[in-house]
Amino acid sequence: MPVIIDFCNDCQIARLAIASSNDLVELLTFPFMQRAIVGAVLMGILGGLLGSFVTLRQLSFFSHAVGHAALVGVALGVLLQINPTWMLLPFTLVFGVIVLYFIDKTDLGSDSVLSIVLSGALAIGVILTSLIKGYRGNLMAVLFGDILAIDTTDLILTLLVLLGGSIFLLSTLRQQILLTLNPDVAQVQGIPVQLYRYVFVVLLSLAVAVAIKAVGVLLVNAFLVIPASTAKLMSHHFSRFLVMSVIVGFISSIAGIIVSGIFNFASGPSIVLVQFLLFVAVFIWFKLNLKAA
């Protein structure tokens, strides 16, 4: 059989095996594959855009904490028999804002606060998971991700977050750059630093929530950090860095889906694997060029 598709009962998660290039073209006619491609483009752009600021502002551990703490939202959704996506969105948003508030109101370092809340949320998530009886397909799908399982609702939510993030960040780009490089100077110049920080955390938390279904709780941080880190190796000019981060994000997402089909791998890890290999290739290329120079 040239194209093998295996759907689970609740999540309808597709597993693909492509025997030839003709089969790949045929595969693109399936609605679930078309949604996956659109989702890959939207999430790739979103991850590249927000990931640029995450990397420069050293918020990688923050997005990592939000992603792993989302396990609580997933488990609650399954226990209450609610679509995990609808539990993830409010949970990650509230969690991200509360964590930032704790960081601002305590004398502890941000890494200490993040470690504490991450450990606590993860412990609660594991306990809630142990209470789930019977079939856990929805839970496993969100933990490990499968972009082939996204539906129209997921695409709409991703598009809304992307539009909101793009409008906010691009309309205040000069202030965002100054805030990223020197928050104290931004404060002196009258930029509402705290407001911008909290709005960005809200966007970042929502981006984590919508990306989890594609790449999973365990890998969502890499989805945000790796494309931006790869772009940073290629350019130190902010505008070019931002554009290249977006390009790397959506190209690697589409390439990951193709790799998933060719080798019959899970789609979420395949996307992150492609991003990782691209990062390594760019790193080696620039290191060799520097030595040659």
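The values are calculated or read from the model by the stated rules, or taken from the named source; none is laboratory data. Bear in mind that the values here come from a model prediction, so they are computed numbers and not experimental data. With ideal geometry, Cβ positions are generated from the backbone for all residues, glycine too; neighbour counts draw on all protein chains shown. Each accessible area value is taken on the protein alone, full model and side chains, heavy atoms only, with ligands, DNA and RNA left out. Shrake-Rupley method; radii C 1.70, N 1.55, O 1.52, S 1.80 Å.
Structure values in brief
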quantity	calculated
Modelled FRET efficiency - R0 25 Å, I116 with V199, Cβ distances, 0.05 increments	0.55
Local net charge near K213, Cβ-Cβ under 13 Å (Lys/Arg +1, Asp/Glu -1)	-2
5 angstrom amide H check on G216, placed H, neighbours 5+ away	G145, D146
Potential extension, A123-I156 segment - 0.36 nm per residue separation minus Cα distance	8.7 nm
Radius of gyration, Dmax [segment 118-238; alpha carbons; angstrom]	17.9, 57
Span per principal axis, largest first, for the Cα atoms of segment 201-243 (Å)	31, 20, 13
Ranked order, R35, R57, R174, R240 - accessible area, probe 1.4 Å, largest first	R174, R240, R35, R57
Extended-chain gain in nm, criterion 0.36 nm per residue less alpha-carbon gap, V280 and N264	3.5 nm
Calculated over segment 30-292: convex hull of Cα atoms, volume per residue (Å³)	136 Å³
Ordering of 196-203, 210-217, 62-69, 121-128 by burial proxy (mean other Cβ atoms within 10 Å per residue, highest first)	210-217, 62-69, 196-203, 121-128
Overall dimensions of segment 50-129 as given by Cα atoms, namely Rg and Dmax in Å	13.1, 40
Stretch gain in nm, segment L288-L233, where the contour uses 0.36 nm per residue and the Cα spacing is subtracted	18.5 nm
